[in-house]
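See structure below.
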Amino acid sequence: MSLRVNIRNSCRRWLAHLLPECTYITRLLSERRDRRLTLRERLVLALHLRLCVPCSHFGEQIDFIANIVRSDIPTSTQNSFSASAPHLSAEARARIRQCLQNDSHARE
């Protein structure tokens with residue numbers, strides 16, 4: 001093996017110890033579909049995906065599945081869903097909000 005390959009592998013191992021584990025990265029890969037990740041999360045994710053082939057493949061699979069699901073839903077259905085969704089009364093919304101707050105306080 002050449003010196004260049006040895007240095008590259010050593011750097012990868014060193015960086016792998018500094019970066020979060022794959023379980024955290026897979027969670028970030030899923031969450032990026034639902035929310036905008038923070039700058040730190042995006043940087044950690046980008047570095048980890050450069051070093052970890054399985055996580056990189058997992059990210060590609062998530063994107064592939066999301067594209068399939070998105071393409072299977074007709075545009076007319078997407079537009080009519082939000083228009084036909086039932087509207088909650090202010091009282092019902094307040095009850096739901098209260099239950100969610102109680103649940104979040106119970107977990108802390």
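The values are calculated or read from the model by the stated rules, or taken from the named source; none is laboratory data. Treat the numbers as computed from the prediction; the structure is a model and nothing was measured. Cβ: placed from backbone, ideal geometry, glycine included. Neighbour counts: every protein chain shown.
Descriptive notes on the structure:
- Hits in the stretch 2-26 (condition: β-branched (V, I, T) and surrounded by 11 or more Cβ atoms within 10 Å (Cβ to Cβ)): I25, T26
- Any hit, the stretch 76-95, residues being modelled with pLDDT of 80 or more and not in a helix (DSSP H, G or I): yes
- Test for C55: is it surrounded by 11 or more Cβ atoms within 10 Å (Cβ to Cβ) and either within 14 Å of I25 (Cβ to Cβ) or modelled with pLDDT of 65 or more (or both): yes
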